[in-house]
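In what follows, a single structure is set out as structure tokens and then discussed.
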Amino acid sequence: MTTLPLASGRDVPEVKTPHPHEPWPPKATDRELGRLAEQRNLDLAIRGNDGPIVELEQLFRQRFTPSMRHSIAFNSGTSALLAAYMALQVGEGDEVIAPVLTYHAAVSPATALGAVVRFADIDLQTRGMDPDHLEELIGPRTKAIVIVHHWGHAADMTRIMNIADRHGVAVIEDCSHAHGSAFEGTPVGSFGKVAVFSLQANKAVFAGEGGVLATDDQEVADRAILAGHYRDRALRDVAAADLHAYWESGFGFKLRMSPFNAIVGIESLRAFDELAGGRQAALSYMNDRLAETGLLDPLDVPNAEWMGAWYGFKPLPSHSVRTRVERSTLVRMLQDEGVEVDAPSGRMLVRLPLFAGRTPWRRPGDNSTRRPTEDEIASTFPVAHLVESNALSLPTFYRWPHDRFVIDEYLRAFSKVALAIESGRIPNDEPRADRASLPRDGQSHGR
Ligand SMILES: *Cc1c(COP(=O)(O)O)cnc(C)c1O
């Protein structure tokens, strides 16, 4: 295989550690495999919240949302979010305010229920919702606000709760990136009326597929149970008489978790603190040294913040690098140095057809709603636009101190590429013939 010269003019990539640099998910322990095998002959599906389901709910509540009385497991984070919107009685004629740059499932269930989503720009520091934009959008039709603690960084919950409370609007905290994160000492998921955590395979606590809804409000809990747990659990746990009447059918969906996923979730929860500690150590080490490389701006993580499992690491190239090279070129230069890097996969939600009209399944392919132009998107969401077009996705290293070696290789690669860019040694943006043989983005951090 012939290789083109690297940025340094040498043929040797700076990062020599073999890929993947962030092996995920961690392997199952013998205990986990034993419990899964045992469950096979015990019970294939659990109707109430017995066995591993109640165990997961209780452990999860104790570790992440101790101030919320109710913890309810679902078969996915998306299902738990659907239940949250149903529990808040979101529907036709309502508006929900959501951050424009995040994972669609934070708000797509609200669209499915017939609500209109209004998008707010993000804040550059937290990457979560910009409270000023929220203040502009909130109004008499606003039924709920969904906050995402993006990449593990808590949104500004003081300002957001202040705005929401003044208008009497319920807040949903989507904590799918933020297991274990805190805002000014208070765990995320304890601020709003209801919190949701995804336990999907990439997440820091993973069940394969799964989600947990937390609330301190009995009526919200009743409705969330009816949204997806009919019969046994509804019969036993739904408190209000008028809601209890629905126990046989619920509200029309079945969204409960399987015991096998619960077992995987319990075991990953038990390993969580070690994982989060490793991520904190590894990513703080890398972040603290980014500025010296001249290539990437460090993320601004105040001391008072606790990043929990630090789910994503998505820095921006420095201003001078941004003005000299396209992101695609920068990604290629870094990949040539052996860095596992790519553009983050998510794009602004205003670009998705799901959010262009209501009840989309009734009018598939109906594009009659006017879509915003590129200029309108860039001027309405300037921060999200900057991040969407410039951020890089790097591995979220978690094996500490083992990963210190590869992080040092990354830092040297960053410095080398910065130097090449500064001295004008920038490859032209032609796709390379041997592209397929280059290191590819890892499975988990391209999310
Ligand atoms: C993963 C994720 C979800 C959806 O969770 P699933 O378990 O994949 O359904 C929702 N919101 C955010 C922010 C996520 O990262």
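Laboratory data are not the source of any read-out in this text; all were calculated from the coordinates shown. Bear in mind that the values here come from a model prediction, so they are computed numbers and not experimental data. All Cβ positions, even for glycine, are placed from backbone atoms using ideal geometry, and neighbour counts span all protein chains on display.
The H on the amide N of T142, modeled in the peptide plane, is under 5 Å from the matching H of E95, each at least 5 residues off or on a different chain.
Rg of the Cα atoms in the chain, relative to 2.2 N^0.38 Å, amounts to 1.02. Between the amide H of G208 and those of A201, distances stay under 5 Å, these residues lying 5 or more places away or on another chain, with hydrogens modeled in the peptide plane.
If both residues of a DSSP beta bridge must be in the chain, then about 50% of such bridges are antiparallel. Using a cutoff of 8 angstrom between alpha carbon atoms and counting only pairs six or more residues apart, the relative contact order for segment 30-270 works out to 26 percent. Across segment 30-270, the volume of the C-alpha convex hull divided among the residues equals 111 Å³ per residue. With unit charges on the beta carbons (Lys and Arg positive, Asp and Glu negative) and the dipole taken about the Cα centre of the chain, which residue among G252, M157, Y311 sits farthest to the positive side? Looking along the dipole axis, the top candidate is G252.
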